[in-house]
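Trainee: Just passing along the structure, written as structure tokens.
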Amino acid sequence: MKQILLRILKTKEIVVIVITIIMFLILSIGASSTFLTIITFESLQASIAPNAIVAVGMIILLISGVFDLSVGSVMGLSGAITALVLSHGLPAIPAVFVGLGVGLGFGFINGFLVAFGGVNPLIVTIGTLYIGRGLVNAVMRGELRYGIPIKNQSFLVLGQGMTLGIYNMFWIMLVVLILAQFITLKTSRGRRLYFIGSNYEAARLVGIKVKRTRLLTFMLSGFLAAMAGVLATSRFGISSLYLGVNLELKIIISCLLGGASIAGGQGWVAGSFLGVIFLALIVSVFNILEISPYWQNIIVGIILVFIVSLDAYLVTKRKKALGEI
Amino acid sequence: MTEAGSKIGKGLRNVNFGQYSIYIVTVIAFLFLSLTRENFFRYTNVYSLVFGLSMEFLLIIGITLLLIMGEVDLSIGSVYAFAGVFTGLLVYELEIPLIVSIVICLTVTGAIGFVNGFLVVRFRANSLMITIGTMIFFRGLTDVLINFLKGITYPYEYRAIANFKILNVNFTIFLMFIVIIALEYLLINHSSFKKLYYIGENTLSAKLYGIRVDRIKHTIFIVTSMTAGMAGILGASRSGQTVWNTGQGLEFKMITAAILGGASLFGGKGSVVKSLFGLFLLTIILNGLIMYSVDPVWTDVVVGTVLILAIVFDTRINREKLVY
């Protein structure tokens, strides 16, 4: 325990942790009547859980040196398709599998093209972002564009049901987080992700199956994005045309805030969770201050530019110290 | 075979068809649509396609120049939207004369390019990520401005820019041909434009040979934003009113077009004429979808698929350069 605490204190994420705590305190004290109520906590849980699940997939990709911009579209598409098959009378469990299968499929396409085609991950996933968003629009055409309502109770339990006073989706998120944190920290397969991220070529030369790992991590990212989509759809009880729009950037920002780097080889799963909480709190602050969503985009843009510049600056500094430049 | 025939055969074998594939594909697509859809090869349709192209060609110039150097700017779509609305704001709300408004607007967009370039050059940040940040920032700012202006129609003089005609043809079409041909000539022949290719081929050796890489990159980022601003002013002038989601996804369309035209994300390749043909091909494909009465919701799917196919081919050709 003490070791973990020391380790946390040494990381650069400590700034984010401190800001998060300060923001939380200010919100609790300054706006106690609006913020510190059960409803806010419940809505925070519901807004954090899907994003944190997507962030797990993203941080694993970032650790191994790539990223995935299609997660928002995959989330929206899997939600829409799950709602569609449910409305055609498919039972809950097969419907969930269909939704998750969509994510796996997209992840496979991304991963295959990046790993075995050697194609730039950014452009591939931008392409699948467009395809996914286009398919969402194609699935929810005409009357369906206002949302496909879901009446299947056993499906709605996933997102709306509670166990021990906490949303089921939050429990699912916790399981995913803990599993991912354990795997990346303690197992050799997880540690290999860091090797791949730090030096792809060296990792390949020492015999790590880099291409297969790439493929699997992209599939995991797609799978988790789809899971988030299914959970969010279950939570709202209706599919939405706008589920997951611009989500990919928020997730990448969360991961970068949590200590990951675009250059790869850094970051930890708990850090990405911290980043997600940080962004969720910022959005709460916006909402309490009644700042319009357009301004939220502006601020997200500023944060992204700032974080990416800082990240690049730190990477350059490290490389200079190592004499690589 | 006769002697002349075998000579032609040899000559044909020496021609690198990969180099001309974009022209061939464009011509085939054009002929295909002309033959199968009678509404396609009408003067009005082709004219409106070329007119649309003459609004967007300014964007493809910036993207191509950046891609030649191995950089990219994703913020052009947002800058495009921002410039149109911002000029509208200056003219309509603050009642500043049109010329002055345009100058102010281009200065501001130039400043955007300055910031992009500064961050990329100075911090060696990934230009894709940086410009995603400025993209989302200016999308937000544009939404704020539109929300403030509401759905207005721009003043007449602003709307008149895009409709200015010479010999009954919109001046932007002349502008397109002149600028593209001049730039292509310079890129092939002029030493200071050739430097872009050297930088894209190998930044380090370009630096060692005394090319001021950072300064050139910075300049091109500024040029890209300013041309995007000009295109945005023309586009807004054409539509005549504030429109939500103007220029959304334009940056990906441009990158797809440039890559179709032989530019590469790895740098060192590209030509503005071919990029323009790439854009024309994409325009034809989208127009063809409408001609075949395909639901517009599929547009994104098609653009995404074409983008992925183009990039896969690009990677196969430039394979040895980089592994992800």
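No value in this document is a laboratory result; all are computed from the given coordinates. Every value quoted in this text rests on a predicted model; they were computed, and no experiment measured them. When we count neighbours, we look across all protein chains shown, and the Cβ atoms used for this are built from the backbone with ideal geometry, even at glycine.
Trainee: Within 10 Å, at most 12 other Cβ atoms, and a DSSP state outside H, G, I, E, B define an exposed site. Report the longest part of chain B free of exposed GluC sites (Glu not before Pro).
Mentor: With a cap of 12 other Cβ atoms within 10 Å, the longest stretch comes to B:96-324.
Trainee: Related question: With labels modelled as points extended 7 Å from the Cα through the Cβ direction, what inter-label distance (nm, one decimal) is found for residue A:291 paired with residue B:43?
Mentor: Label at residue A:291, label at residue B:43, 5.5 nm between them.
Trainee: Quick one: if the Förster radius is 60 Å, what FRET efficiency do residue A:144 and residue A:322 give, using the C-beta to C-beta distance and rounding to 0.05?
Mentor: With a Förster radius of 60 Å, E is 0.65.
Trainee: Hey, what's the Cα Rg ratio for the protein assembly as shown versus the globular rule of thumb, 2.2 N^0.38 Å?
Mentor: 1.00
Trainee: Along segment A:195-210, what does the Karplus equation 6.51 cos²θ - 1.76 cosθ + 1.60 (θ = phi - 60°) give for ³J(HN,Hα), rounded to whole Hz, x for Gly and Pro?
Mentor: 4, 4, x, 6, 7, 4, 5, 5, 4, 5, 5, 7, x, 6, 7, 5
Trainee: Residue B:316 label point, 7 Å along Cα→Cβ, cut-off 20 Å on backbone N: hits in segment A:100-118?
Mentor: Answer for this model: A:109-118.
Trainee: Next question. Taking the simple approach of a point 7 Å from Cα along Cα-to-Cβ for both residue B:191 and residue B:167, what is their distance in nm?
Mentor: 3.7 nm
Trainee: Taking 7 Å along the Cα-to-C-beta vector as the label spot, tell me the residue B:204-residue A:188 distance in nanometres, rounded to one decimal.
Mentor: That separation, rounded to one decimal, is 3.4 nm.
Trainee: For chain A, with the dipole built from +1 on Lys and Arg beta-carbon atoms and -1 on Asp and Glu ones, taken about the Cα centre, which of A:205, A:256, A:279 lies farthest toward the positive end?
Mentor: Positive-most Cα among the choices belongs to A:205.
Trainee: What relative contact order, as a whole-number percentage, does chain A give when Cα pairs under 8 Å and 6 or more residues apart are counted?
Mentor: Reported as a whole number, the value is 32 percent.
Trainee: Then there's this: Exposure proxy check: B:300, A:68 ranked by fewest other beta carbons within 10 Å?
Mentor: B:300, A:68
Trainee: Placing unit charges on C-beta atoms (Lys and Arg positive, Asp and Glu negative, everything else neutral), compute the dipole magnitude of chain B about its Cα centre in debye, rounded to 20. Working shown, then result.
Mentor: On the way: 24 positive and 17 negative charges, 180 e Å.
Using Cβ point charges on Lys, Arg, Asp and Glu, chain B gives about 860 debye.
Trainee: Let me ask another. Determine, from the Cβ-Cβ distance of residue B:25 and residue A:241 and an R0 of 51 Å, the FRET efficiency 1/(1 + (r/R0)^6), rounded to the nearest 0.05.
Mentor: After rounding to 0.05, the efficiency reads 0.90.
Trainee: What size of dipole, in debye to the nearest 20, comes out for segment A:2-322 about its Cα centre when the only charges are +1 on Lys and Arg C-beta atoms and -1 on Asp and Glu C-beta atoms?
Mentor: Dipole about the Cα centre, nearest 20: 1200 debye.
Trainee: To continue, here is another question. Indicate the gyration tensor shape class of chain B (rounded, prolate or oblate), computed on the Cα atoms with a ≥ b ≥ c the square roots of the eigenvalues: a/c under 1.5 is rounded; otherwise a/b larger than b/c is prolate and the rest oblate.
Mentor: Since a/c reaches 1.5 but b/c is at least a/b, the shape of chain B is classed as oblate.
Trainee: Using only the Cα atoms, what convex hull volume per residue in Å³ does chain A have? Mind dumping the intermediate values first?
Mentor: Values: hull volume 49.0 nm³, N = 325.
Given the Cα convex hull of chain A, per-residue volume reads 151 Å³.
Trainee: Sorted from fewest to most neighbouring beta carbons within 10 Å, what does the list A:56, B:100, B:213 look like? Kindly include the intermediate steps, with their values, before the conclusion.
Mentor: Values: A:56 27, B:100 11, B:213 17.
The most exposed by this proxy come first: B:100, B:213, A:56.
Trainee: Another one. Please get the size of the charge dipole for the protein assembly as shown, origin at its Cα centre, with Cβ charges of +1 on Lys and Arg and -1 on Asp and Glu, quoted in debye to the nearest 20.
Mentor: On the way: 47 positive and 26 negative charges, 406 e Å.
For this selection, approximately 1960 debye.
Trainee: Related question: Given a Förster distance of 30 Å, report the FRET efficiency between residue B:215 and residue B:148 from their Cβ-Cβ distance, rounded to the nearest 0.05. Mind dumping the intermediate values first?
Mentor: Numbers: r = 37 Å, r/R0 = 1.25.
Here the calculated transfer efficiency is 0.20.
Trainee: For a footprinting-style exposure proxy, rank B:21, B:225, A:309, A:239 by other Cβ within 10 Å, fewest first.
Mentor: Result, fewest neighbours first: B:21, A:309, A:239, B:225.
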